[in-house]
1. I'd like to check something: does segment 108-129 contain any residue that is assigned to a strand (DSSP E or B), touching a Leu at 6+ places or on another chain (Cβ under 8 Å) and either within 30 Å of Leu39 (Cα to Cα) or not polar (S, T, N, Q) (or both)?
2. What do you reckon, is Val82 under 15 Å from Val107 (Cα atoms) and either free of Cβ contacts under 8 Å to residues at least 60 places away in the same chain or crowded, with 17+ Cβ neighbours inside 10 Å (or both)?
3. Please give the number of the condition Gln21 fails out of (1) modelled with pLDDT of 90 or more; (2) surrounded by 10 or more Cβ atoms within 10 Å (Cβ to Cβ).
4. What's the number of the condition Gly70 fails, among (1) in contact (Cβ under 8 Å) with a residue 12 or more places away in the chain; (2) surrounded by fewer than 11 Cβ atoms within 10 Å (Cβ to Cβ); (3) under 30 Å from Ile139 (Cα atoms); (4) not β-branched (Val, Ile, Thr)?
5. Identify all residues within segment 113-123 that are in contact (Cβ under 8 Å) with a residue 12 or more places away in the chain, farther than 26 Å from Lys50 by Cβ and not small (Gly, Ala, Ser); write none if there are none.
6. Out of all the residues in segment 71-102, which are part of a loop (DSSP other than H, G, I, E, B) and under 15 Å from Phe121 (Cβ atoms)?
7. Assuming Leu61 fulfils every condition listed in (1) surrounded by fewer than 20 Cβ atoms within 10 Å (Cβ to Cβ); (2) farther than 18 Å from Glu141 by Cβ; (3) within 19 Å of the chain's Cα centre (by Cα); (4) not β-branched (Val, Ile, Thr) apart from one, which condition is it?
8. Please verify whether Asp91 is charged (D, E, K, R), touching a helix residue (DSSP H, G or I) at 6+ places or on another chain (Cβ under 9 Å) and modelled with pLDDT of 95 or more, treating the condition exactly as stated.
Amino acid sequence: LMGTTQGGEKVALHGLWARRQSTKFNGVSYPVQRAAEALFSVEGKMQINKLVKHYMGNAALLREACEGAGLEVYGGEHSPYVWVACPAGIDSWGMFDKMLLEAQVVVTPGAGFGAAGEGYFRISAFNSQDKVAEVCGRIAEIFTGVGA
């Protein structure tokens, strides 16, 4: 597509448009810049710390519930995920089904992380404390005394 300058000279519009777009969209967008600014503010850091404390508290509850039910547990101390060894005779997809059908809880089968994840399932602490407490109760109901 061609355009014409005020002097009558023909100019390809593609190059002009490409220049405009590269200038307009160069760098991080304004809303993202403002979000980063808020994130690193004193108030933003306080909110982040509050959220981290909340989710890590949830992870501790999940970890305690699984250990109390006799399950072998990893994690939940430095990240908001609790890894649990599947009880003998059940693979990670079997645990996914068991948790979904018997406890109405969605977990992540370890097989989704590759061969090394098989034999484990992962529980996320990203939820409200009330919901996590409910999950802990359900874990206790279906696993107490089962062991890994």
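1. Checked against the condition, which is being assigned to a strand (DSSP E or B), touching a Leu at 6+ places or on another chain (Cβ under 8 Å) and either within 30 Å of Leu39 (Cα to Cα) or not polar (S, T, N, Q) (or both), segment 108-129 yields at least one hit.
2. Here the answer is yes, as Val82 does meet what is asked.
3. (1)
4. Tallying (1) in contact (Cβ under 8 Å) with a residue 12 or more places away in the chain; (2) surrounded by fewer than 11 Cβ atoms within 10 Å (Cβ to Cβ); (3) under 30 Å from Ile139 (Cα atoms); (4) not β-branched (Val, Ile, Thr), Gly70 fails exactly one: (2).
5. Scanning segment 113-123 gives Glu118, Tyr120, Phe121.
6. Looking only at segment 71-102, we keep the residues that are part of a loop (DSSP other than H, G, I, E, B), and these are 71-72, 76-80, 86-91.
Of everything in segment 71-102, those that are part of a loop (DSSP other than H, G, I, E, B) and under 15 Å from Phe121 (Cβ atoms) turn out to be Leu71, Glu72, Gly76, Cys86, Pro87, Ala88, Gly89, Ile90, Asp91.
7. Every listed condition holds for Leu61 apart from (2).
8. Judged against the criteria, Asp91 is a match.
The values are calculated or read from the model by the stated rules, or taken from the named source; none is laboratory data. These figures come from a predicted structure and were not determined experimentally. Cβ sites come from the backbone with ideal geometry, for glycine too, and all protein chains shown count toward neighbours.
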